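Take a look at the structure below.
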Amino acid sequence: MKKMALHWKILIGMLLGILFGFAMTFLPGGKDFVSNWINPLGTIFVKLLKLIAIPLILASLIKGISDLKDISKFRNIGLRTIVIYIMTTIVAITIGLVLVNIFQPGNGISTETVEKLTNTYASNSSVQSKIATAAAQKSQSPLQFIVDMVPDNAFKALSSNGLMLQVIFFTIFFGISMLLIGEKAAKPIKDIFDSLNDIVLKMVDLIMLTAPYAVFALLANVVVSSSDPDLLLALLKYAMVVVAGLLLMISFYCLLVSVIAKKNPFWFLKEISPAQLLAFSTSSSAATLPVTMERVEEHIGVDKEVSSFVLPVGATVNMDGTSLYQGVAAVFIAQALGYPLDLGGQLTIVLTALLASIGSAAVPGAGMVMLVIVLEAIGFPADKLAIGLALIFAVDRPLDMCRTVVNVTGDATVSMLVAKAEGKLGIPKTKNWDDHYDEVK
């Protein structure tokens with residue numbers, strides 16, 4: 001009997017998790033049961049993925065660079081990656097602004113709803129922390145994000161997932177230095193990282209065996225901890241505009257895959273779907289990174305020389321889904337609170353959201369922090385920032401899940417485009433967790 005594909009198992013786990021969580025909301029103590037006994041399974045799964053993220057970047061990127069025979073190839077990969085990421089981000093913000101101006105979801109929000117949302121969320125500690133973090137970001141120099149990319153302690157950088165760009169900088173520096181000492185001198189350390197890369201990818205395979213159960217736990221917890229249904233309903237039009245924009249962005253990726261990479265977009269979505277479903281469940285591009293790399297390399301056929309650079313950089317810098325959300329959310333808040341926003345203001349949103357997506361990439365809860373920076377850039381009154389964030393806070397978690405899917409899909413798409421341009425898009429070679437099991441059992 002043919003084994004069920006992983007993406008179907010994950011999808012079934014998600015659906016059962018949603019149904020189970022919904023059922024638990026009707027039982028006394030159901031929410032506490034899910035929080036205490038079910039959610040820890042999902043938390044452990046996410047921690048396992050984060051556990052191997054830095055070792056995977058370290059081993060994969062060093063292997064990719066050390067396999068290069070020509071350093072100029074790495075320069076080409078880097079330039080293409082950054083240019084394409086900037087272009088897709090601009091497209092994403094533009095799609096968001098066009099949709100929010102056409103449907104104007106903020107004009108349908110009543111004064112009573114604004115007051116209820118304000119009273120419920122304006123003083124929320126999470127909202128206040130995002131405003132404080134944005135203020136700290138804004139007070140920094142324009143080039144601070146470049147300064148922050150350079151570590152002063154390699155071991156400290158390797159000890160934190162929040163310092164992913166520093167890990168990438170150190171790894172690229174290390175890999176290029178390996179090339180420059182010659183193949184013979186570099187061979188011992190290269191062999192170590194080649195083996196480490198294989199080991200970490202095998203760890204990804206083993207962790208993914210538990211993915212269907214983990215997403216069940218994660219989604220059940222999301223459902224039981226959801227906000228007031230009446231408030232969610234009031235924000236439905238806004239949420240639908242964001243989701244419509246995200247779907248259009250995925251359609252744009254499919255167009256790029258079809259026209260430039262010359263691959264079937266439905267095949268692409270099928271192969272990347274486990275990473276998309278995990279992105280939806282975890283709301284974290286960084287946590288999904290090991291799975292994204294495994295799917296892109298083994299199931300799509302992108303060479304490690306490309307994927308090992310494009311995907312880690314994308315997980316920290318490329319935030320197409322989040323940038324699209326910035327455009328929609330900023331204009332929605334302006335509409336709901338009667339703040340006039342002309343064409344110049346909307347162009348400011350495009351530029352600020354683009355820069356914020358790069359500069360705020362490593363900030364926890366980056367989406368809301370970026371939104372504060374965008375709102376301040378268009379001159380939104382500082383005393384109304386908390387009210388503005390309160391307007392969208394109720395639906396931020398489900399929309400965060402959706403926009404993370406777009407972020408991950410964008411990373412995979414760009415890796416395909418760069419690989420195609422470099423002649424590094426080959427035939428997929430799938431590996432299974434039990435390929436060598438017979439040798440050790």
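Taken residue by residue, segment 128-149 has no member that is part of a helix (DSSP H, G or I), at pLDDT 90 or above and among the polar types (S, T, N, Q).
Residue by residue, here is whether (1) surrounded by fewer than 15 Cβ atoms within 10 Å (Cβ to Cβ); (2) among the hydroxyl-bearing types (Ser, Thr, Tyr); (3) under 22 Å from Ser323 (Cβ atoms); (4) free of Cβ contacts under 8 Å to residues at least 40 places away in the same chain holds:
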{"position": "Leu97", "(1), (2), (3), (4)": "no, no, yes, no"}
{"position": "Val114", "(1), (2), (3), (4)": "no, no, no, no"}
{"position": "Ser123", "(1), (2), (3), (4)": "yes, yes, no, no"}
{"position": "Ala134", "(1), (2), (3), (4)": "no, no, yes, no"}
{"position": "Gln137", "(1), (2), (3), (4)": "no, no, yes, no"}
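This table checks each residue for (1) farther than 20 Å from Asp194 by Cβ; (2) of a type outside the set (Phe, Trp, Tyr); (3) outside any helix (DSSP H, G or I).
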position	(1), (2), (3)
Lys3	yes, yes, yes
Asp32	yes, yes, no
Trp37	yes, no, no
Ile44	yes, yes, no
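For the residues Ala186, Ala234, Ala217, Ala211, the requirement of being touching a helix residue (DSSP H, G or I) at 6+ places or on another chain (Cβ under 8 Å), closer than 18 Å to Ser60 by Cα and not β-branched (Val, Ile, Thr) singles out Ala186. Filter segment 287-343 down to the residues that are more than 16 Å from the chain's Cα centre (by Cα) and of a type in the set (Phe, Trp, Tyr), then identify the one that is modelled with the lowest pLDDT. For segment 287-343, the residue satisfying everything is Tyr339.
Out of contact with any strand residue (DSSP E or B) (no Cβ under 7 Å at 6 or more places or on another chain), among the hydroxyl-bearing types (Ser, Thr, Tyr) and free of Cβ contacts under 8 Å to residues at least 24 places away in the same chain: is that true of Ser72 in this structure? Judged against the criteria, Ser72 is a match.
Run down Ile84, Ile52 and say which single residue is buried (at least 17 other Cβ atoms within 10 Å of the Cβ) and in contact with a Pro (Cβ under 6 Å, 6 or more places away or on another chain).
Ile52
The residue list Arg403, Arg397 contains one member that is in a helix (DSSP H, G or I), touching a residue at least 60 places away in the same chain (Cβ under 8 Å), out of contact with any strand residue (DSSP E or B) (no Cβ under 8 Å at 6 or more places or on another chain) and surrounded by fewer than 17 Cβ atoms within 10 Å (Cβ to Cβ), which is Arg397. Check segment 194-202 and report whether any residue there is out of contact with any His (no Cβ under 6 Å at 6 or more places or on another chain) and not in a helix (DSSP H, G or I). No, there is no match, as no residue in segment 194-202 is out of contact with any His (no Cβ under 6 Å at 6 or more places or on another chain) and not in a helix (DSSP H, G or I). All but one of (1) without any contact (Cβ under 8 Å) to a residue 24 or more places away in the chain; (2) more than 30 Å from Lys73 (Cα to Cα); (3) polar (S, T, N, Q) hold for Asn153; which doesn't? For Asn153, the failing item is (2). For segment 190-220, filtered to residues that are of a type in the set (Gly, Ala, Ser) and either touching a Lys or Arg at 6+ places or on another chain (Cβ under 8 Å) or within 30 Å of Leu180 (Cβ to Cβ) (or both), the residue that is surrounded by the fewest Cβ atoms within 10 Å (Cβ to Cβ) is Ser195. Sub-8 Å Cβ pairs linking a first residue in segment 358-376 that is at pLDDT below 90 to a second residue that is in a loop (DSSP other than H, G, I, E, B) and of a type in the set (S, T, N, Q), at least 6 apart or interchain, are Ala366/Ser360; Val369/Ser360; Met370/Ser360; Ile373/Ser360, ordered by first then second residue.
The values are calculated or read from the model by the stated rules, or taken from the named source; none is laboratory data. The shown structure was predicted, so the numbers you read here are calculated from the model rather than taken from an experiment. Here the Cβ is made from the backbone with ideal geometry for all residues, glycine too, and neighbour counts use every protein chain on show.
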